[in-house]
Amino acid sequence: MDRCKLKLLTSDESGFISIREGQDLIYLCFKNLLLNFNVNEFCAFRRMTKSVLMEDCLISFPDGSRRIILRSPYEGINFSFSQEEIRQLVDALDEAYYMR
């Protein structure tokens, strides 16, 4: 990522969301994830993430924790979040969406 050509949309202690100026490419860095989207994919990811939060479907993990699973379009690639993490992610996605 060429930092001088990125416009920061939102950032906090968990990461940042930025857009490459003059292009249709959004970077999402959240905790240990780094994902790239075009604008349409970003909007779809935001909707999907918000719907998972609304469903509040917690799954018990073997270590006793309860986490929310966010499925990717690729079989076998899924993300797990605590309730606080998914709320932080949704807040960041919302802020970036409005700042775009």
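For region 34-42, check the following and say yes or no: at least one residue is in a helix (DSSP H, G or I), out of contact with any Phe, Trp or Tyr (no Cβ under 9 Å at 6 or more places or on another chain) and over 18 Å from Lys5 (Cβ atoms).
Taking every residue of region 34-42 in turn, at least one turns out to be in a helix (DSSP H, G or I), out of contact with any Phe, Trp or Tyr (no Cβ under 9 Å at 6 or more places or on another chain) and over 18 Å from Lys5 (Cβ atoms).
Which numbered condition trips up Gly64, out of (1) at negative phi; (2) open to solvent by less than 90 Å² (accessible area, probe 1.4 Å)?
It is condition (1) that Gly64 fails.
Do you know which residues across region 24-33 are open to solvent by less than 40 Å² (accessible area, probe 1.4 Å) and under 14 Å from Leu6 (Cα atoms)?
Within region 24-33, Ile26, Tyr27, Leu28, Cys29 meet the criteria.
Consider only pairs whose beta carbons are under 6 Å apart and that are at least six residues apart or on different chains; among these, list those whose first residue lies in region 77-100 and is under 15 Å from Leu8 (Cα atoms) and whose second residue is part of a loop (DSSP other than H, G, I, E, B).
If the second residue must be part of a loop (DSSP other than H, G, I, E, B), no pairs are left.
Could you run through region 72-100 and say how many residues are open to solvent by 60 Å² or more (accessible area, probe 1.4 Å) and within 14 Å of Glu55 (Cα to Cα)?
Residues meeting the conditions: 2.
The values are calculated or read from the model by the stated rules, or taken from the named source; none is laboratory data. These numbers come from a predicted model, not from an experiment. When we count neighbours, we look across all protein chains shown, and the Cβ atoms used for this are built from the backbone with ideal geometry, even at glycine. Quick note on the areas: whole protein, heavy atoms, side chains included, nothing else; ligands and nucleic acids left out. Shrake-Rupley method; radii C 1.70, N 1.55, O 1.52, S 1.80 Å.
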